[in-house]
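Asks: Got a structure here, written out as C-alpha cells. Questions coming.
Here, each number is a calculation from the coordinates, and none is a lab measurement. Keep in mind that this is a model prediction, so the values were computed, not measured. Ideal geometry is used to build each Cβ from the backbone, glycine not excepted, and the neighbour counts take in all protein chains shown.
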Amino acid sequence: MNKRVEAALNDQIKKEASSSQYYLSMASWAESNGLNGTANFMYTHSDEERFHMLKLVKFVNERGGRAEVPQLEKPPHEFKNLKIVFESLLEHEIGVTASINNLVDICLQEKDYTTHNFVQWYVSEQLEEEALARTILDKLNLIGTDSGGMYMFDRDMENSLIQVNNSNEDPGQ
Ligand code: OFO
C-alpha cells in the first residue's frame, strides 16, 4: 500500500475513533441531564463512528497496510446547554469532512484509485451528517429557551434515531 495513503488512512482512523469518544461523552452528559432522547441519539452516533473506524481498519489491513490503534485525548465532558452540544457536533463534523476531502486529494495525487473509490462512501456520509446537524440546530434555534419545546425536542430526537439508522445502512462493508 502507498505509504502516504496509508498514513492518511491511519490519521482518519484516529479521527473516527475520536468522534466516537466525543459523541459518547455528549451521550453521557445528556443522560445525566435527563435528556434521554438526545442521549440515545448520541450513543447511536458514537457506535456509528466506531463502525466508520473499523471499516477503515479492515480496509488498510486487507490491502497490505497496517492499521494502527491510536491513543486518544479525553474529549470535553461539560457542556453549557443542548445548543452548544449540537454546535460542537457540527463544528466537529465540518473538521472531519475537511479531513476526508484531504484524504481524497492524497488518493488522487498518489493515483490510488481503489482507495479513492472506497473513500467516496465517507464523502456521502459526511454530507448527510452535516445536513442532519444543521437541521437539528435549526430546530433548537426555533425553540430557544422554552422548556416545553425542549421536552418535545428531546422526544423528537428519539424518533430521529430511526432516520439516522436508515440513512447509515452500509452498502456492503
Ligand atoms: Fe465518521 O462520520 Fe462523522 O465524523
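Asks: Only one residue in 15, 83 is within 16 Å of the ligand (Cβ to nearest atom), in a helix (DSSP H, G or I), basic (Lys, Arg) and crowded, with 16+ Cβ neighbours inside 10 Å. Which one? Before you say what the answer is, go through the steps one by one.
Replies: Values: 83 fails: within 16 Å of the ligand (Cβ to nearest atom).
The match here is 15.
Asks: What about residue 111, is it more than 14 Å from the ligand (Cβ to nearest atom), surrounded by fewer than 16 Cβ atoms within 10 Å (Cβ to Cβ) and either free of Cβ contacts under 8 Å to residues at least 60 places away in the same chain or farther than 30 Å from residue 141 by Cα (or both)? Working first, answer last.
Replies: Values: more than 14 Å from the ligand (Cβ to nearest atom): yes; surrounded by fewer than 16 Cβ atoms within 10 Å (Cβ to Cβ): yes; either free of Cβ contacts under 8 Å to residues at least 60 places away in the same chain or farther than 30 Å from residue 141 by Cα (or both): yes.
So residue 111 passes the test.
Asks: Looking at region 37-56, which of its residues are within 14 Å of the ligand (Cβ to nearest atom) and not hydrophobic (A, V, I, L, M, F, W, C)?
Replies: Here is the first cut: in region 37-56, the residues within 14 Å of the ligand (Cβ to nearest atom) are 41-42, 44-56.
Passing the criteria: 44, 45, 46, 47, 48, 49, 50, 52, 55.
Asks: Please go through (1) assigned to a helix (DSSP H, G or I); (2) in contact with an Asp or Glu (Cβ under 8 Å, 6 or more places away or on another chain); (3) buried (at least 17 other Cβ atoms within 10 Å of the Cβ) for residue 65 and return the number of the only condition it doesn't satisfy.
Replies: The single condition residue 65 does not satisfy is (1).
Asks: Give me the pairs: first residue in region 1-21 and under 14 Å from residue 61 (Cα atoms) and touching a residue at least 12 places away in the same chain (Cβ under 8 Å), second residue aromatic (Phe, Trp, Tyr) and away from the ligand (no atom under 13 Å from the Cβ), beta-carbon distance under 9 Å, and six or more apart or on different chains, which are they?
Replies: 9/59
Asks: Sticking with this one: Of the residues in region 31-58, how many are among the aromatic types (Phe, Trp, Tyr) and out of contact with any Ser or Thr (no Cβ under 8 Å at 6 or more places or on another chain)? Let's see the steps before the verdict.
Replies: First pass over region 31-58, keeping only residues among the aromatic types (Phe, Trp, Tyr): 41, 43, 51.
Okay, now just the ones that are also out of contact with any Ser or Thr (no Cβ under 8 Å at 6 or more places or on another chain), so 43, 51.
Number of matching residues: 2.
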